[in-house]
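**Student:** Below are the structure tokens for one structure; questions will follow.
The values are calculated or read from the model by the stated rules, or taken from the named source; none is laboratory data. Computed from a predicted model, the values in this text were never measured in an experiment. FYI the Cβ positions are ideal-geometry reconstructions off the backbone, even for glycines, and counts take in every protein chain you see. Note: areas computed on protein heavy atoms with side chains; ligands, DNA, RNA excluded. Shrake-Rupley method; radii C 1.70, N 1.55, O 1.52, S 1.80 Å.
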Amino acid sequence: MIVLGIESSCDETAASLVRDGHEVLSSIISSQVAKHKCYGGVVPELAAREHLKNVSPVVEGAFLEAGLSMKDIDAIAVTSRPGLVPALLVGNSYAKGLAAALGKPIAGMNHFLGHIYGAFLEHPEVLSDPKKFPVLALVVSGGHTAIVHIPADGQARILGTTLDDAAGEALDKAAKILGLGYPGGPIIDKISRDGGNPDAFHFPRSLTGGGGKPLNPEHRYDFSFSGVKTSLLYAIKDNPDALPNRLPDLCASFQEAVIDVLKRKAMDAARQVNAKLVVLAGGVACNSRLREKIADVCAHEHRDFLPAPPKYCTDNAAMIGGLAYHYFRRNCALEPDFGIHARLDFNLGILPFAPLAQL
Ligand code: KG4
Ligand code: ZN
């Protein structure tokens, strides 16, 4: 089965053709980063106008790259939630129009679950192995930071999420404070790697209990990244020589504070649910230090670790076309008149690819 995946939830217009949920025949991504750079973040209406310009050429590009024509596909999948409403509207209108014209089935996909699926795209065999469950997924992007428990029955549950900024958003805002470009996550990652000392400055680890106390029980798996950003502002104010002289130390120490909390909470959750496999997904999962740190703990605790490949961490349509296959194959989640939604539903429902799902 060949699925055309379409993604337009934020500032990437993407299309991909995926065979049987794992064979990526093409993946085209048109990034709008340059358009939003001067605003230091994504402007929803501007994003929608760019999607409108790009969606048709991007879809055509995906067919060209795969050497296929539109009649060769079996179904269409489009990100329908969560995301920026004006941006989602463009991809969804286009996808529904195309499905009607071609007479193909269409399904709306959850972008957040798509990110998790990004880790399995190149390892579909893991999904049919009951020994890999329960799975604990840490999903970290510019829009989301969440810990997800996926037990063997596939009923995915969010254990904790951010109360304010997402991890990627915090890194992007820190980069703005430091006078670096946008998006800031990859820049901070690179500067930190090139000689920053993660212990040079101490930034707070919020909602962790601090000072050796146990994790704050009501926010055990929640995150808060807005305070650490303020601490960065004070560190610069209190150390007038810090910029530009100690830029690498500031980057590495700030990044460490964000990563440390992500690692501590995700691995604490992994222990609680006795996860056999830890999955790392979303744009921030590209971060070299985060990958390294979680890999180390997993190795130490004898848990399998599956980070999404960097090309499937940031927004793409292969994760959407791949995920959709599992719904189409089981003939489920096919409401032809699905709507779009800005927010993430805490009750993610059954993940159709988990082995014991009764679908
Ligand atoms: O998943 P994504 O492409 O879009 C959303 O769904 O939000 O994630 C984008 C986020 C941005 O905040 C960006 O700074 C961050 O991922 N990011 C990184 C790295 N690469 C991208 N953060 C830290 N280190 C990286 N190497
Ligand atoms: Zn995303």
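**Student:** How do the peptides 199-208, 292-301, 265-274 rank, highest first, by the average count of neighbouring beta carbon atoms within 10 Å per residue?
**Tutor:** On the way: 199-208: 17.4, 292-301: 15.1, 265-274: 19.3.
Ranked from most to least packed, the peptides come out as 265-274, 199-208, 292-301.
**Student:** Assuming a strict under-21 Å limit between Cα atoms, what lysine pair count do you get for the stretch 132-308 once near-sequence pairs (fewer than 8 apart, same chain) are dropped?
**Tutor:** Taking the Cα cut-off of 21 Å, the pair count is 24.
**Student:** Given H placed on each backbone N at 1.01 Å, which residues far from SER26 in sequence or on other chains put an amide H within less than 5 Å of it?
**Tutor:** LEU17
**Student:** Show me the ranking of peptides 94-101, 24-31, 322-329 by mean Cβ neighbours inside 10 Å, starting with the highest.
**Tutor:** Highest-to-lowest ranking by the protection proxy: 322-329, 24-31, 94-101.
**Student:** Along each of the three principal axes of the Cα atoms of the stretch 204-359, give the extent in whole Å, ordering the values from largest to smallest.
**Tutor:** Its Cα atoms span 61, 32, 29 Å along the three principal axes.
**Student:** Scaled to the compact-protein estimate 2.2 N^0.38 Å, what is the alpha-carbon radius of gyration of the chain, rounded to two decimal places?
**Tutor:** Compared with the compact-globule rule of thumb, the chain sits at 0.99.
**Student:** On the accessible surface of the stretch 178-262, probed at 1.4 Å, how many percent belong to carbon and sulfur atoms?
**Tutor:** Using a 1.4 Å probe with all protein chains present, the stretch 178-262 comes out at 55 percent carbon and sulfur.
**Student:** Percent of alpha carbon pairs in the stretch 34-189 separated by more than 20 Å?
**Tutor:** Across the stretch 34-189, Cα pairs with separations above 20 Å total 64 percent.
**Student:** Over all alpha-carbon pairs in the stretch 1-89, figure out the percentage whose distance exceeds 17 Å.
**Tutor:** 47
**Student:** Given H placed 1.01 Å from N in the peptide plane, which residues other than close sequence neighbours of GLN155 have an amide H under 5 Å from its amide H?
**Tutor:** Those lying under 5 Å, H to H, from GLN155 are LEU351.
**Student:** I've got another one for you. In whole angstrom, and with the biggest value first, how far do the Cα coordinates of the stretch 1-50 range along each principal axis?
**Tutor:** 41, 15, 12
**Student:** Kirkwood hydrodynamic radius for the stretch 198-291: how many Å is it when counted over pairs of different Cα atoms?
**Tutor:** On the way: mean 1/r = 0.0684 Å⁻¹.
Over the stretch 198-291, the inverse of the mean reciprocal pair distance is 14.6 Å.
**Student:** Roll a 1.4 Å probe over the protein heavy atoms and report the accessible area of ASP72 in Å², nearest 10.
**Tutor:** Roughly 60 Å² of ASP72 is accessible to a 1.4 Å probe.
**Student:** Also: Regarding the stretch 132-308, what are the three Cα extents along the principal axes, ordered largest first, in Å?
**Tutor:** So the three principal-axis extents are 54, 30, 28 Å.
**Student:** Divide, for the stretch 106-184, the radius of gyration over alpha carbons by 2.2 N^0.38 Å, where N is the residue count.
**Tutor:** Computed over Cα atoms of the stretch 106-184, the ratio equals 1.34.
**Student:** Roughly how many Å² is the accessible area per residue of the stretch 97-255, as a whole number, for a 1.4 Å probe?
**Tutor:** With all protein chains present, the stretch 97-255 gives 41 Å² per residue.
**Student:** Which of the lysines could a cross-linker bridge to LYS104, judged by Cα under 23 Å and excluding same-chain residues fewer than eight apart?
**Tutor:** LYS71, LYS96
**Student:** Right, another one. Before rounding to the nearest 500, sum -39500 (n - 2.57) across all DSSP H runs of length at least 4 in the chain and divide by the residue total; then give [θ] at 222 nm in deg cm²/dmol.
**Tutor:** Calculated at 222 nm, the ellipticity per residue is -12500 deg cm²/dmol.
**Student:** Rounded to whole Hz and in sequence order, give me ³J(HN,Hα) for the stretch 103-110 from the Karplus expression 6.51 cos²θ - 1.76 cosθ + 1.60, θ = phi - 60°, writing x for Gly and Pro.
**Tutor:** Here the 3J(HN,Hα) series is x, 10, x, 9, 9, x, 10, 8 Hz.
**Student:** Skipping prolines and chain starts, which residues have an amide H placed within reach, meaning under 5 Å, of the one on PHE305, given they are 5 or more residues away or on another chain?
**Tutor:** Those qualifying (amide H under 5 Å, at least 5 residues apart or on another chain) are VAL278.
**Student:** Now a separate question. Tell me the carbon and sulfur percent of the accessible area for the stretch 102-145, rounded to whole percent, probe radius 1.4 Å. Mind dumping the intermediate values first?
**Tutor:** On the way: 710 of 1250 Å².
C and S fraction of accessible area: 57 percent.
**Student:** Here's a follow-up. Run the numbers on the chain and let me know its relative contact order in percent, using alpha-carbon pairs under 8 Å that are six or more apart. Let's see the in-between values first.
**Tutor:** Numbers: 804 pairs, mean separation 92.4, N = 359.
Reported relative contact order: 26 percent.
**Student:** What list of whole percents do you get for P(r) of the stretch 258-320, with Cα-Cα distances grouped in 5 Å bins up to the one holding the largest distance?
**Tutor:** 4, 18, 30, 23, 15, 8, 2
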